[in-house]
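Below: the structure, in structure tokens.
Throughout, read-outs are computed from the coordinates displayed, never taken from laboratory work. Please read all numbers here as calculations on a predicted model, not as lab measurements. FYI the Cβ positions are ideal-geometry reconstructions off the backbone, even for glycines, and counts take in every protein chain you see.
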Amino acid sequence: MHIRDLREDNDLTQKQVADYLNIRQNTYSQYETGCRQIPIEVLTALATLYKTSTDYLLGLTDCKTPYPQKKKPERHP
């Protein structure tokens, strides 16, 4: 996983990221070490924070560039 590298590259502490996610620092530390699985909601929040894809966070790709945002459907009166 790339979450530790991204956090360090952005000069953030585990506490700062944990506060952003509204979780305890210890819980976030366990995500970084792989001792605890990251819930989908946390994964998507991290992707938003770091402006990357969940695939990159999970180590499935080395491409940091996020996917294009999904288009919102047009509303007709």
Length gained if Asn26 through Asp55 is fully extended, taking 0.36 nm per residue and subtracting the Cα-Cα distance, is 8.1 nm
Taking Lys and Arg as +1 and Asp and Glu as -1, residues besides Gln25 with C-beta under 9 Å from its C-beta add up to +1
Highest mean packing first, using Cβ neighbours within 10 angstrom, the peptides 62-69, 21-28, 44-51, 32-39 sort as 44-51, 21-28, 32-39, 62-69
Site Arg4, offset 7 angstrom along Cα→Cβ, radius 17 Å on amide nitrogen, limited to region 40-68, gives 57-60
Treating every alpha carbon of the chain as one equal point scatterer without solvent, the Debye formula yields log10 I(q)/I(0) values at q = 0.16, 0.22, 0.24 Å⁻¹ of -0.58, -0.99, -1.17
